Amino acid sequence: MLSRKAKYGLKAILYLAQVHGKGPVLISDLAAAERIPKKFLEQILLELRKQGLLFARRGRGGGYELARPPRDITMGSVIRILDGPLAPVSCVSQTAYRPCEECLDAKSCGIRLVMQDVRDAMADILDHTDLAAVLLKSESHRKRGED
C-alpha cells in the first residue's frame, strides 16, 4: 500500500507539474492547495529536492518547482524515492533483495512467483507513466465528468 508520505509527495509533485513553467510555488500555497500538512510537506519536498526532482529558490519569489519537465519524471521514481522499492515482498525486490528466512526453495515458491508478477506489473505501469501523462488522464476524466 502506498504510504501517506508517497501519496502526499505525488499530489505535491503533480501540482508542481500542473504549474510547470510559471515559476516557483511557496510551500504554504502548495500545502493549502493540496490539503497537505505544511511540516510534513516540507520534509517530502526536501527529499525530492535532494534526489534531483525539484529545485528550490530562496528569498522573495522563491519556492519549489520541478527540476525537469513533467514528461521526464515518472510515478515510479517518485514512489521509490519516498517509499523505497515497489516490491510487495523483499525476495522480489530489484533494489533491496533479501531472501525470506522461512523459504525452503525460492525458485519454486508460489508466493514469490506471483509477487514477482505483481512487482513487474506495478513497475511497468509506474515506470512508464510520467507526470505529463497523469495530468492528461486527469484532465480527460474531468472533462468527461462535465459532459
For Lys143, the lone unmet condition from (1) in a helix (DSSP H, G or I); (2) surrounded by 15 or more Cβ atoms within 10 Å (Cβ to Cβ) is (2)
Go through region 66-88 and count every residue that is part of a loop (DSSP other than H, G, I, E, B) and either out of contact with any Lys or Arg (no Cβ under 7 Å at 6 or more places or on another chain) or surrounded by 17 or more Cβ atoms within 10 Å (Cβ to Cβ) (or both). 8
Got at least one residue in region 115-122 being under 25 Å from the mean Cα position of the chain (by Cα), under 19 Å from Lys7 (Cα atoms) and surrounded by fewer than 12 Cβ atoms within 10 Å (Cβ to Cβ)? no
Only unsatisfied item for Leu30, checking (1) out of contact with any helix residue (DSSP H, G or I) (no Cβ under 9 Å at 6 or more places or on another chain); (2) modelled with pLDDT of 95 or more, is (1)
When region 49-64 is examined, which residues are found to be under 24 Å from Leu126 (Cα atoms) and in contact with a helix residue (DSSP H, G or I) (Cβ under 6 Å, 6 or more places away or on another chain)? Gln51, Leu54, Tyr64
How do the pairs read when you match residues in region 116-132 that are closer than 11 Å to Ala87 by Cβ and among the basic types (Lys, Arg) with residues anywhere that are assigned to a helix (DSSP H, G or I) and modelled with pLDDT under 95, using Cβ under 6 Å and keeping only pairs 6 or more apart or on different chains? Arg119/Val92
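Out of everything in region 89-114 that is aliphatic (A, V, I, L, M) and touching a helix residue (DSSP H, G or I) at 6+ places or on another chain (Cβ under 7 Å), what residue ends up being surrounded by the fewest Cβ atoms within 10 Å (Cβ to Cβ)? Lay out the reasoning, then the answer.
Filtering region 89-114 down to residues aliphatic (A, V, I, L, M) leaves 89, 92, 96, 104, 106, 111, 113-114.
The next check asks that each one be touching a helix residue (DSSP H, G or I) at 6+ places or on another chain (Cβ under 7 Å); those that pass are 89, 92, 96, 106.
Numbers: Val89: 18, Val92: 22, Ala96: 9, Ala106: 12.
It comes out as Ala96.
For region 123-131, check the following and say yes or no: at least one residue is hydroxyl-bearing (Ser, Thr, Tyr) and either surrounded by fewer than 16 Cβ atoms within 10 Å (Cβ to Cβ) or part of a loop (DSSP other than H, G, I, E, B) (or both). Can you show your working first?
The first filter runs over region 123-131 and keeps only residues hydroxyl-bearing (Ser, Thr, Tyr), leaving 129.
Now restrict to residues that are either surrounded by fewer than 16 Cβ atoms within 10 Å (Cβ to Cβ) or part of a loop (DSSP other than H, G, I, E, B) (or both): 129.
Looking through region 123-131, at least one residue is hydroxyl-bearing (Ser, Thr, Tyr) and either surrounded by fewer than 16 Cβ atoms within 10 Å (Cβ to Cβ) or part of a loop (DSSP other than H, G, I, E, B) (or both).
The values are calculated or read from the model by the stated rules, or taken from the named source; none is laboratory data. Every value quoted in this text rests on a predicted model; they were computed, and no experiment measured them. We place every Cβ from the backbone using ideal geometry, glycine too, and count neighbours over all the protein chains shown.
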